[in-house]
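Structure first, commentary second.
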Amino acid sequence: MEQDSFLGRSPILLRALLFFMFTLGLGIRLYDLTDQPLDFHPTRQLRSAIIARDMYFEHLPSAPQWKQQLAAEQLGSYNLIEPPILEGLVAWTYGLIGSDPVWVARIYASLFWLIGGVALFKLVQDMTSADGGVIALAYYLFLPFGIIASRSFQPDPLMVMMIILALWAIYRWHRLGSWKSAWLAGGLAGLALFVKAVALFPVLAGFLALVLLSKGLRRAASNPQVWVVGALAILPMITYHFYGVFILGSLESQFEGRFFPEMWLDPAFYVRWVQTASNLIGFGAIMGGIFGLFLFSRPDQRAFGVGLWGGYLLYGMTFPYHINTHSYYQLPLIPIVAITIAPLAWRGLRELVNLKPAWLVRVGFLGLLLFGISVKVWDVRVELVRNNYRNEPAYWQEIADTLGRNSSVVALTHDYGNRLAYYGWITPQVWLPSGHLEKYRELRGGAPIDVQNWFKEITGNKDYFLVTLMNQLNKQPELKELLYDNYAVYDQGDGYIIFDLHHPIK
């Protein structure tokens with residue numbers, strides 16, 4: 001440990017503090033474990049939940065035949081996005097325990113985030129000191145947005161873990177320069193990009209910044225280790241996307257409707273971007289991370305930090321629509337901020353080393369740190385208690401029973417039909433809600449929706465029109481008039497109404 005490290009001078013205290021932080025970090029993520037995955041981007045979480053459940057039921061001999069058949073149909077209806085690694089792991093766990101509790105995914109996601117925390121501490125400790133590592137870890141583990149997002153059933157917690165592992169390995173290879181460390185760096189970087197391709201922005205940007213600064217372009221181009229790390233990093237991602245686009249043909253659609261360079265000319269885009277990042281990540285933390293770039297002790301470290309921030313900026317420019325509308329697109333910024341605020345903590349805490357009495361200074365610092373952590377943890381606990389989704393399965397099962405398992409349904413409903421599909425085993429044809437989708441269609445160059453024609457197109461041969469988003473129905477008066485003026489109400493209850501498409505009024 002560095003001689004000027006405030007916490008590193010007491011290894012027992014440091015280990016105890018780290019043990020407490022990881023234990024509390026896991027505890028708050030597993031709090032309210034068995035609640036339904038509707039607390040954070042439920043559409044995305046339920047998509048993964050449906051895929052995992054269908055993987056499980058499709059190969060479950062004891063399952064009812066209709067569930068096996070529907071599971072296969074649902075799986076086939078989802079376009080390929082990322083490799084279903086987490087979904088497959090959860091489905092495998094379902095098979096081990098003999099049931100499909102969706103909270104299994106919450107355990108895996110939380111553990112992924114904590115493993116990333118271990119790698120983050122090691123990386124930041126190597127770049128600064130144990131002091132910087134502790135503060136970076138505290139921010140990473142206890143940022144409220146990060147706590148909620150890191151327990152969600154989607155590939156992003158796994159992606160963030162792999163990004164941090166890859167950055168740790170790349171920096172380690174940069175220091176050691178051995179073939180063993182090069183293979184490890186390339187392998188972990190390749191896994192990160194394979195889990196989710198957007199990991200390439202921080203991983204490759206950090207890698208290139210280190211390589212170009214430490215070696216220069218000419219030396220880097222003639223170094224075989226550089227080529228090995230780079231090839232291992234991009235080969236799995238390229239192979240997967242080649243397979244998805246040219247073999248399966250289902251991944252091609254994922255490249256559509258994501259890149260809108262015309263938004264670069266709109267000043268409001270940048271204002272919204274800063275506001276979104278500040279609300280989720282913390283404006284003070286972001287500014288601390290930017291200023292921290294200047295406080296790294298070595299030029300290669302500063303270049304590494306600049307590369308990470310540059311990768312994030314390129315990431316946001318590449319996905320200008322999603323960076324402001326999908327909060328989980330901000331998750332890669334959390335480890336970037338954690339790494340680059342570390343020099344502030346390292347230099348600040350170094351000033352406390354010589355203060356007397358030493359025990360009182362340590363007690364005071366630890367008291368403030370633990371108080372700040374406790375406040376954030378308590379805020380998240382209150383939010384988890386306030387948002388209770390345990391009644392959701394029964395509610396959607398009731399609607400599904402009313403509709404009938406074999407019914408064909410059009411729905412203006414929650415999460416683009418995923419709640420009905422997951423809890424009720426009915427996959428509806430979705431009627432799009434109003435709001436940002438109109439803006440999205442405009443950005444993609446699509447014509448405005450012709451309600452009359454669209455209604456005729458998607459309701460043909462359908463049995464029912466289900467509405468559970470009553471406020472959305474009021475925002476679409478043309479649709480509301482079509483339904484109430486032309487079709488009988490088949491059933492209605494708390495928060496839903498079903499129109500019988502087979503029995504028009506006129």
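With contacts taken as Cα pairs under 8 Å at a separation of at least 6 residues, the stretch 285-409 carries a relative contact order of 29 percent. The DSSP beta bridges internal to the chain are antiparallel in roughly 60% of cases. Restricting attention to the stretch 392-504, close to 60% of DSSP beta bridges with both partner residues there are antiparallel. Seen against the Cα atoms of the chain and their longest principal axis, helix 267-281 is set at about 70 degrees. Bridging of residue 67 to lysines at a Cα separation below 25 Å is possible for 462, once same-chain residues fewer than 8 apart are set aside.
Angle of helix 11-30 to the longest C-alpha principal axis of the chain, folded into 0 to 90 degrees and rounded to 10: 10°. Dipole size of the stretch 7-107 about its Cα centre, with +1 on Lys/Arg Cβ and -1 on Asp/Glu Cβ: approximately 480 debye, rounded to the nearest 20.
Of the residues 431, 227, 273, the one with the fewest other Cβ atoms within 10 Å heads the list, and the complete ranking is 227, 273, 431.
Applying the Karplus relation 6.51 cos²θ - 1.76 cosθ + 1.60 with θ = phi - 60° to the stretch 102-113 yields 3J(HN,Hα) values of 5, 5, 4, 5, 5, 5, 4, 4, 5, 5, 4, 5 Hz, where x marks Gly and Pro. When you restrict to C-alpha pairs under 8 Å that are six or more residues apart and normalise by the size of the chain, the relative contact order lands at 15 percent.
Here the stretch 125-259 is treated as an ellipsoid with the same Cα gyration tensor; its semi-axes, largest first and in whole Å, are 26, 24, 11.
Candidate cross-link partners of residue 475 among the aspartates and glutamates, defined by an alpha-carbon separation under 13 Å and a same-chain spacing of 8 or more, comprise 438.
Ranked for footprinting exposure by Cβ neighbours inside 10 Å, fewest first, 390, 151 give 390, 151.
Within straight-line reach of residue 196, meaning a Cα separation under 13 Å, sit the following aspartates and glutamates at least 8 residues removed in sequence or on another chain: 82, 156. Please grab the % of Cα pairs in the chain that end up more than 35 Å from each other. Value for the chain: 41 percent of Cα pairs lie more than 35 Å apart. Ordered by the count of other Cβ atoms within 10 Å of each Cβ, fewest first, 304, 499 give 499, 304.
Working from Cα positions, state the angle (0 to 90°, nearest 10) between the long axis of helix 299-318 and the longest principal axis of the chain. Long axis of 299-318 versus the principal axis of the chain: about 10 degrees. Classification of the stretch 42-106 by its C-alpha gyration tensor yields an oblate form. The axis ratio a/c (a ≥ b ≥ c) is 1.5 or more, and b/c is at least a/b.
Every read-out reported here was derived from the displayed coordinates using simple, explicitly stated rules and does not represent laboratory data. Computed from a predicted model, the values in this text were never measured in an experiment. Here the Cβ is made from the backbone with ideal geometry for all residues, glycine too, and neighbour counts use every protein chain on show.
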